[in-house]
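Engineer: Attaching a single structure in structure tokens format; questions to follow.
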Amino acid sequence: MHGGGGTSSDHKEKFAFMKQQPPILITGGAGFIGSNFVLEWFDSGRSAGSEARSNPLVNVDKLTYAGNPRNLERLSGRPDYRFVHADICDRPRMERLLQEERPRAILHFAAESHVDRSIMGPDAFVETNVRGTFVLLDAARAYWASLGDEERKSFRFIHVSTDEVYGSLGPDDPAFTETTAYAPNSPYSATKAGSDHLVRSYFHTYGLPTIITNCSNNYGPLQFPEKLIPLMITHAVAGKPLPIYGDGLNVRDWLYVTDHCEALRMVLERGRPGETYNIGGRNERSNREVVEAICEILDELRPGSSYRPHRQLMQFVKDRPGHDRRYAINAAKLEQEIGWRARETFATGLRKTVQWYLDHAGWVEDVVTGGYQQWIQQNYGERSRA
Ligand code: NAD
Ligand code: TYD
């Protein structure tokens, strides 16, 4: 399925354009980070990485529960954007797609991404995160081998991964660096770790120019409200309980999604094949602090709400099994080598995020349909108050 519509003369033009400029191909571009990346790719104004953005973009997504084509509605009809509805585990499809589209780079976002879902049902995580990454890598290897010398040299396979592969830190441990040993603790992080190892092996064994990025917890517009920040915002607005796992003192580093996308564009242009780059926001917060901050912003933005003060909705519930205590990222390598640094503070990023969800009640209503309600019942139904 190719999005964009248009007449056959439009299509010829599109084809001619695509021929002149090799596209970048991204997977999982209808999800949270992917759709922010795609939208920003076509937005002007931010300078870093802008040299790359004359390239067309092909977005391959299976549209699982987490993929939302509505995120990308405003791109429909653009000659330099193409949506392909496909599963990365479908090998013949991936091989054909690469030969047809002839991308100069692949950015691999597609994954099953929610830790709690990986605890309830790890199969899909092994399938997409491990096997899907393998299929994509192997198809990329064959395609890359068919390129001319110059194109082979400049080709990139960027694998978007997580800090969760490094496991859990104690309160005084130094932040994760790129050489921290892998110690994944959830089926999600274990499958991401497996995919990272495969990506690494394709560089060392076959010379495929791969780069791995490991980032901290993203937040911002368009995040599916199963993850901490959008779940708390949408629950608080509706006057529903705010379920905090355990004692609420687990710590995450928070990275505003726009900062992450900028880092990825810079890695695409300036990153060295075979390397790993950590991406973090220098914003370590306990979950309790995060939820309290959301409540305070809502108290201010919704002075007439009958749920004020929103913190009265906070509830401590049964902990997540294997719950990592703390993640922290040392992003010095990316900052020094590539010149990136997060622009958003947690205060500014969180305020923008809360405002976005308040301004997009229709988007929220659309995504919290039947399947979502079932998930909430399944994950939270049996978590009594701690
Ligand atoms: P998401 O769950 O919001 O989106 C995932 C997207 O991948 C969806 O559009 C989904 O339809 C698509 N997808 C899933 N399986 C697929 C398949 N088999 N074939 C094709 N498409 C498929 O995830 P996200 O939060 O945007 O995360 C993107 C990437 O970043 C993931 O690899 C994730 O592991 C990584 N990451 C995310 C965070 C975070 O805080 N969100 C932090 C660190 C790393
Ligand atoms: P989450 O957004 O699921 O990201 P991750 O597990 O990948 O870090 O969770 C962030 C933190 O918030 C994590 O410590 C678990 C906690 N959490 C809650 O306390 N309550 C919730 O309802 C959710 C979804 C998460």
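The values are calculated or read from the model by the stated rules, or taken from the named source; none is laboratory data. Every value quoted in this text rests on a predicted model; they were computed, and no experiment measured them. Reconstructed Cβ throughout: ideal geometry from the backbone, glycine too, with neighbour counts over all protein chains shown. Calculation scope for accessible area: heavy atoms of the full protein, side chains included, ligands and nucleic acids excluded. Shrake-Rupley method; radii C 1.70, N 1.55, O 1.52, S 1.80 Å.
Engineer: Using Stokes-Einstein with the Kirkwood hydrodynamic radius over Cα pairs, what translational diffusion coefficient do you get for the stretch 74-189 at 4 °C and a viscosity of 1.567 mPa s, in µm²/s rounded to a whole number?
Structural biologist: Roughly 78 µm²/s, to the nearest whole number.
Engineer: Still on this structure: Which shape class, rounded, prolate or oblate, goes with the stretch 118-255 when its Cα gyration tensor gives a ≥ b ≥ c as root eigenvalues, a/c under 1.5 marks rounded, and past that a/b bigger than b/c marks prolate?
Structural biologist: Prolate shape, in that a/c is at least 1.5 and a/b is the bigger ratio.
Engineer: Further question: Report, in debye and to the nearest 20, how large the dipole of the chain comes out about its Cα centre when Lys and Arg carry +1 and Asp and Glu carry -1 on their Cβ.
Structural biologist: Its charge dipole is roughly 280 debye.
Engineer: In a solvent-free Debye calculation with one equal scatterer on each Cα, what is log10 I(q)/I(0) for the stretch 301-351 at q = 0.16, 0.27 Å⁻¹, listed in the order of the q values?
Structural biologist: -0.87, -1.07
Engineer: On to the next question. Relative to the compact globular guide of 2.2 N^0.38 Å, what is the alpha carbon radius of gyration of the chain, as a ratio?
Structural biologist: Here the answer is 0.98, to two decimals.
Engineer: Grab the beta carbon distance between Arg325 and Lys240, set R0 = 30 Å, and tell me the FRET efficiency rounded to 0.05.
Structural biologist: Using R0 = 30 Å, I get an efficiency of 0.65.
Engineer: Separate question: Obtain the radius of gyration and the Kirkwood radius of the stretch 192-250 from its C-alpha atoms and give Rg over Rh.
Structural biologist: Using only Cα positions, Rg/Rh for the stretch 192-250 is 1.23.
Engineer: Please report the antiparallel percentage of DSSP beta bridges with both residues in the chain, rounded to the nearest 5.
Structural biologist: Looking only at bridges with both residues in the chain, the antiparallel portion is about 10 percent.
Engineer: How large is ³J(HN,Hα) for each residue in the stretch 231-238, as worked out from phi by the Karplus curve 6.51 cos²θ - 1.76 cosθ + 1.60 (θ = phi - 60°), to whole Hz, x for Gly and Pro?
Structural biologist: 5, 5, 5, 5, 5, 4, 4, 8
Engineer: A follow-up question, please. Please work out the C-alpha center-to-center distance from the stretch 171-219 to the stretch 246-266 and express it in whole Å.
Structural biologist: Taking the Cα centre of each part, the stretch 171-219 and the stretch 246-266 sit 16 Å apart.
Engineer: For the stretch 255-268, take each phi angle, set θ = phi - 60°, evaluate the Karplus expression 6.51 cos²θ - 1.76 cosθ + 1.60, and give the result in whole Hz per residue in order, putting x for glycine and proline.
Structural biologist: Result, rounded to whole Hz: 10, 5, 4, 5, 5, 4, 4, 5, 4, 5, 4, 6, 5, 4.
Engineer: Continuing with the same structure: By the gyration tensor of its Cα atoms, with a ≥ b ≥ c the square roots of the eigenvalues, what is the shape of the stretch 265-386: rounded for a/c under 1.5, prolate for a/b over b/c, or oblate?
Structural biologist: prolate
Engineer: A follow-up question, please. Tell me, what is the 1.4 Å probe accessible area of Arg383, in Å² to the nearest 10?
Structural biologist: So the heavy atoms of Arg383 present about 30 Å² to solvent.
Engineer: A follow-up question, please. How large is the helix-only mean residue ellipticity at 222 nm for the chain, computed as the sum of -39500 (n - 2.57) over DSSP H runs with n ≥ 4, divided by its residue count, in deg cm²/dmol to the nearest 500?
Structural biologist: -12500 deg cm²/dmol
Engineer: Measure off, as a whole percent, the carbon and sulfur share of the 1.4 Å-probe accessible area of the stretch 212-288, all protein chains present.
Structural biologist: The computed percentage sits at 48.
Engineer: Taking Rh as the Kirkwood radius computed over C-alpha pairs, what is the Stokes-Einstein D of the stretch 231-311 at 37 °C in a medium of viscosity 0.692 mPa s, expressed in µm² per second?
Structural biologist: 218 µm²/s
Engineer: If you plug each phi of the stretch 77-84 into the Karplus form 6.51 cos²θ - 1.76 cosθ + 1.60 with θ = phi - 60°, what whole-Hz ³J(HN,Hα) values come out, in order, with x for Gly and Pro?
Structural biologist: So the Karplus estimates, Gly and Pro as x, are x, 5, x, 9, 10, 9, 9, 10 Hz.
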